[in-house]
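Here is the structure we will look at.
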Amino acid sequence: RSKFYEQRPLDRFSELQYALEHSKLVLLYFAASWCPMSTPISDALDEAFGKGDVLLTRNGQKKTLSIVYVSSDKTLEEYTEYTRKRHWLPIPFDSPQKNQLKRHFATCAHRELEELQFDRKHEIPTGIVIDSRTQGIITTNGADDVEEMGAGALDHWLKMQGWASQMANSIAHDNDSSSEEE
């Protein structure tokens with residue numbers, strides 16, 4: 001593995017490791033059951049990926065995509081009802097990593113800003129697509145992509161992942177070449 005991939009910023013989130021290890025892409029889905037803007041995106045995710053064979057579940061078989069739900073639900077009951085019938089891998093409602101991920105990606109509901117104390121870059125709903133191998137961000141527009149492209153969003157993300165990999169390999173090759181010249 002090249003030096004380019006040595007920094008893996010998400011390794012510190014144990015709740016993400018199953019998804020990162022068992023799928024090519026991870027969609028971190030920041031949303032809430034009470035948010036009227038989240039519902040159409042959640043429905044679009046279910047429509048696009050809920051019935052197919054691309055989505056990772058807890059059966060351990062490697063898949064193309066994992067959807068990890070990072071909840072802004074107010075209660076455990078809301079959270080449980082919202083995730084019960086979905087094929088997502090939700091971060092546990094009471095896990096401290098839920099808020100740590102929100103801070104890491106500067107993404108949360110407006111009502112959480114005072115409690116979390118950070119400058120928000122993304123509001124809910126947001127879908128951040130991660131390359132599982134490099135842990136690099138493919139796009140922060142995953143929710144919009146699913147709403148606009150449906151299941152075609154996955155092919156779009158895989159193409160973007162391919163381009164990012166080509167660029168990284170090119171950079172690593174250029175760095176290796178310049179190191180040899182010194």
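The values are calculated or read from the model by the stated rules, or taken from the named source; none is laboratory data. The structure presented is a predicted model; accordingly, all values stated were derived computationally and were not measured. With ideal geometry, Cβ positions are generated from the backbone for all residues, glycine too; neighbour counts draw on all protein chains shown. Note: accessible area is taken over every heavy atom of the protein model, side chains too, but ligands, DNA and RNA are not part of it. Shrake-Rupley method; radii C 1.70, N 1.55, O 1.52, S 1.80 Å.
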Within region 86-132, of all residues that are among the basic types (Lys, Arg), in contact with a helix residue (DSSP H, G or I) (Cβ under 7 Å, 6 or more places away or on another chain) and open to solvent by 30 Å² or more (accessible area, probe 1.4 Å), the one nearest to ALA48 (Cα to Cα) is ARG86
Can you tell me which residues in region 35-49 are in a helix (DSSP H, G or I) and open to solvent by less than 50 Å² (accessible area, probe 1.4 Å)?
SER38, ILE41, SER42, ALA44, LEU45, ASP46, ALA48, PHE49
Looking only at helices (runs of 4 or more DSSP H) that fall completely inside region 50-161, which ones have 2 or more residues that are among the acidic types (Asp, Glu)?
76-83, 113-116, 142-149
Among the listed residues LEU20, LEU25, LEU10, which satisfies the condition of being within 24 Å of ALA164 (Cβ to Cβ), under 13 Å from the mean Cα position of the chain (by Cα) and surrounded by 22 or more Cβ atoms within 10 Å (Cβ to Cβ)?
LEU25
